[in-house]
1. With everything on Cα atoms, drop me the angle between helix 173-183 and the longest principal axis of the chain, reported from 0 to 90° to the nearest 10.
2. Give me the distance in nm between label points sitting 7 Å out from Cα along the Cα-to-Cβ direction at residue 156 and residue 172, one decimal.
3. Suppose each label sits 7 Å from its Cα in the direction of the beta carbon; what would the residue 5-residue 112 distance come out to in nanometres?
4. Which residue, 145, 12, 27, has the most motion in a Gaussian network model of the chain that connects Cα atoms within less than 10 Å?
5. I'd like the distance separating the alpha-carbon centroids of segment 35-84 and segment 1-32, in whole Å.
6. With springs connecting C-alpha atoms under 10 Å apart, model the chain as a Gaussian network and identify which of 66, 14, 173 has the largest mean-square fluctuation.
7. If you take every DSSP beta bridge whose two residues both sit in the chain, what share of them, in percent to the nearest 5, is antiparallel?
8. Divide by every residue of the chain the summed helix terms, -39500 (n - 2.57) for each DSSP H run of at least 4, and state the resulting mean residue ellipticity at 222 nm, rounded to the nearest 500 deg cm²/dmol.
């Protein structure tokens, strides 16, 4: 078992101690062995097909990893991306603390099992140009996240996020121009909280 556990730890290291049974299988460890390790207490079963090493240190990123792994535990998806409020939070562009983690999946994805209450799923096309990685987590780009939150949070949040993203050089000129075209020149002014 030691060698197999080492293999699983290597896989889990990419996700803050989490792994799917499918990832274990890709690494050469059978699903049956993963289930057996869970029965013996060597792994915790988080959800169907999703496991965690029980003694792995908890970090603030672990729930983001769990959020993008949860929908992938049963199907091969083109993407599962942190999005909306959660993306802005992960980029440290807002302090919304939404209480839920938003994940965007391909539009034709069907999930019949009950999702965790802290997970909000969105179904939309996300082009490769709108996909990125932040701290080892698949995520939508900054401009995509800003566009996604604008309808629910309004121009004030857009202005704040654009201002912070510009200050931290997280937007290319073409991305900034598209945001200006959509939301107006006011987003170019420094944000001052009212």
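1. So the inclination is approximately 70 degrees.
2. Reported label-point gap for residue 156 and residue 172 is 3.3 nm.
3. Going from the residue 5 label point to the residue 112 one covers 3.6 nm.
4. Evaluated over the chain, the most mobile residue of the options is 27.
5. A separation of 11 Å, based on Cα centres.
6. Highest fluctuation among the options: 173.
7. Numbers: 12 of 18 bridges.
For the chain, the DSSP antiparallel bridge percentage is about 65.
8. Working: 7 runs with 79 residues, N = 194.
Only helices count here, giving -12500 deg cm²/dmol.
Laboratory data are not the source of any read-out in this text; all were calculated from the coordinates shown. Small disclaimer: the values here were computed from a predicted structure and weren't measured. Here Cβ is always computed from backbone atoms with ideal geometry, including for glycine, and neighbour counts include all displayed protein chains.
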